[in-house]
1. Of all residues in region 7-57, which are part of a helix (DSSP H, G or I) and charged (D, E, K, R)?
2. Go through region 158-176 and report how many residues are over 16 Å from Ser144 (Cα atoms), of a type outside the set (D, E, K, R) and at pLDDT 95 or above.
3. Are any residues in region 95-120 touching a helix residue (DSSP H, G or I) at 6+ places or on another chain (Cβ under 8 Å), open to solvent by 20 Å² or more (accessible area, probe 1.4 Å) and either within 16 Å of Ile15 (Cβ to Cβ) or not in a loop (DSSP other than H, G, I, E, B) (or both), and if so, which ones?
4. Say we look at region 143-188 and pick out the residues that are in a loop (DSSP other than H, G, I, E, B) and hydrophobic (A, V, I, L, M, F, W, C); which of these is surrounded by the fewest Cβ atoms within 10 Å (Cβ to Cβ)?
5. Kindly check whether there is at least one residue in region 42-55 that is at pLDDT 95 or above, under 24 Å from Ala105 (Cα atoms) and open to solvent by less than 60 Å² (accessible area, probe 1.4 Å).
6. Could you check Leu230 against (1) more than 23 Å from Gly62 (Cβ to Cβ); (2) open to solvent by 70 Å² or more (accessible area, probe 1.4 Å) and say which number it fails?
7. Going by the structure shown, is Gly88 crowded, with 18+ Cβ neighbours inside 10 Å, touching an Asp or Glu at 6+ places or on another chain (Cβ under 6 Å) and not in a helix (DSSP H, G or I)?
Amino acid sequence: MHGASAELASTRGVILLYQNSAMRRLVAAEPEWQPQHWVSGDLRTLKHARGTVAVCGGFGIGSPATALVAEQLIALGARRIIAIGTAGTLQADLAIGDRVLCERAVRAEGVSGHYWELEKYAYASSELTNKFKETLRRCGTSVSTGTSWTTDAPYRETRREADEHAMEGVLTVEMEAASLFTVCRYRNVECAAAFSISDSLVRGRRRPRERSDTTADSLDTLIRNAVTTLLG
């Protein structure tokens, strides 16, 4: 972090972006996002009539990177964080570009155990998640709500694990939600997370991640609705 005067307490919240391309599209569409230099990433703020929101990207992917930047944002005063990223689907009825709002995440990564006693799930903040869900509903944006599987090892997702989680009703697999939820719980900060489906681990329908305009458009929709949610 740089600058003794850095602070985010006066913002309505921060949006974490894992896809650099989504950050570039956001800034290109709304150049009023002002760059800051306070954290290990590309942090920008935008003033609205209803308040100021922040967005942070360019810090990498995975649970350790998420925990690092979340700790920095919270130390600067952030009290609400919404993470937007991509995920693989474990369910046949979720297609590329579909949106998922994460209520809880299976803790199959290594960060969350350093913040909270071991239990199967990490939970998003119900109030902020419900506000995000209501914003999406009002805007006519379809979204599925449920559980994700957070893992640190994207190339070690076994067929057995994917099938077991799918049978339990887990919707997606990704690399960050459980760590964000436990860091925010430990620090008493509100958090939420939503994903755009980018690939599939469904048995017989496995599809690797690839560039998709459908996924990109879905991410942009989630970002716009996250800004609206934070501004209230």
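1. First, the residues of region 7-57 that are part of a helix (DSSP H, G or I): 20-29.
If the condition is that a residue be part of a helix (DSSP H, G or I) and charged (D, E, K, R), then Arg24, Arg25 are the ones that fit.
2. Residues that pass the stated criteria total 3.
3. Matches in region 95-120: Arg99, Glu103, Arg104, Arg107, Ala108.
4. Step one: filter region 143-188 for residues in a loop (DSSP other than H, G, I, E, B), giving 143, 152-158, 168-171, 175-176, 188.
Now restrict to residues that are hydrophobic (A, V, I, L, M, F, W, C): 143, 153, 170-171, 175.
On the way: Val143: 19, Ala153: 12, Val170: 20, Leu171: 26, Met175: 25.
So the residue we want is Ala153.
5. yes
6. That leaves (2) as the condition not met.
7. For Gly88, the condition - crowded, with 18+ Cβ neighbours inside 10 Å, touching an Asp or Glu at 6+ places or on another chain (Cβ under 6 Å) and not in a helix (DSSP H, G or I) - is met.
The values are calculated or read from the model by the stated rules, or taken from the named source; none is laboratory data. Fair warning: this is a prediction, and the values are worked out from it, not measured in the lab. Don't worry about glycine lacking a Cβ; one is built from the backbone with ideal geometry, like all the others, and counts go over all protein chains shown. For the accessible areas, the whole protein counts, side chains as well, though only heavy atoms, and no ligand, DNA or RNA atoms are used. Shrake-Rupley method; radii C 1.70, N 1.55, O 1.52, S 1.80 Å.
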